[in-house]
Amino acid sequence: QVQLVESGGGLVQSGGSLRLSCAASESTLGFVDMGWYRQGPGNQRELVATITRDGDTSYADFVKGRFTISGDNTKKTLYLQMNSLRPDDTAVYYCNGHRPSGYAYWGQGTQVTVSS
């Protein structure tokens, strides 16, 4: 059973930065793609950014130019660099990985709180 463990969340002031990490228990090359999702208070879970095994990235419009997704296969870790954070970025951030079969693995989430 693959495990994904997020870390790096916390409390930051508006305009600040955080870097989230997602450590996988197995090689990240086993995933067709990996991504970050978030769920804010009273909201549905939404896609933030994805990266394919080939390194292609995509972003939700609300984070373009502010967030950067990356991965280090040697460390089996996925990252999300978040800059220019805003209060509406407050959410639990989840790491996700898809197998070729389509099966998705999820982490337990890490809380990000941005104060105004």
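The values are calculated or read from the model by the stated rules, or taken from the named source; none is laboratory data. Computed from a predicted structure; not experimentally measured. When we count neighbours, we look across all protein chains shown, and the Cβ atoms used for this are built from the backbone with ideal geometry, even at glycine. Only protein heavy atoms, including side chains, enter the accessible area calculation; ligands, DNA and RNA are left aside. Shrake-Rupley method; radii C 1.70, N 1.55, O 1.52, S 1.80 Å.
Please list, short to long, the whole-number percent of alpha-carbon pairs of the chain in consecutive 10 angstrom bins beginning at zero.
Per 10 Å bin, starting at zero, the Cα-Cα P(r) for the chain comes out as 15, 50, 29, 6, 0 percent.
Please compute the net charge surrounding TYR37, taking Lys and Arg as +1 and Asp and Glu as -1 over other residues with Cβ under 10 Å from its Cβ.
In short, +1.
I want the antiparallel fraction of DSSP beta bridges within segment 3-116, as a percent rounded to 5.
Given both bridge residues lie in segment 3-116, the antiparallel proportion sits at roughly 90 percent.
Take the solvent-accessible surface of the protein heavy atoms, probe 1.4 Å, and return the percent of it on the chain that carbon and sulfur atoms account for.
46 percent
Per residue, how much accessible area does segment 1-95 have with a 1.4 Å probe, in Å²?
Dividing the accessible area of segment 1-95 by its residue count gives 51 Å².
Rounded, prolate or oblate, given the Cα gyration tensor of segment 8-48, with a/c below 1.5 counting as rounded?
Note, shape of segment 8-48 comes out oblate.
Counting only C-alpha contacts under 8 Å and six or more residues apart, can you give the relative contact order of the chain as a whole percent?
The normalised contact order for the chain reaches 37 percent.
For a quick check, take a GNM of the chain with Cα springs below 10 Å and name the residue from ASP61, ASP89, ASP72 with the largest mean-square fluctuation.
Among ASP61, ASP89, ASP72, the largest GNM mean-square fluctuation belongs to ASP61.
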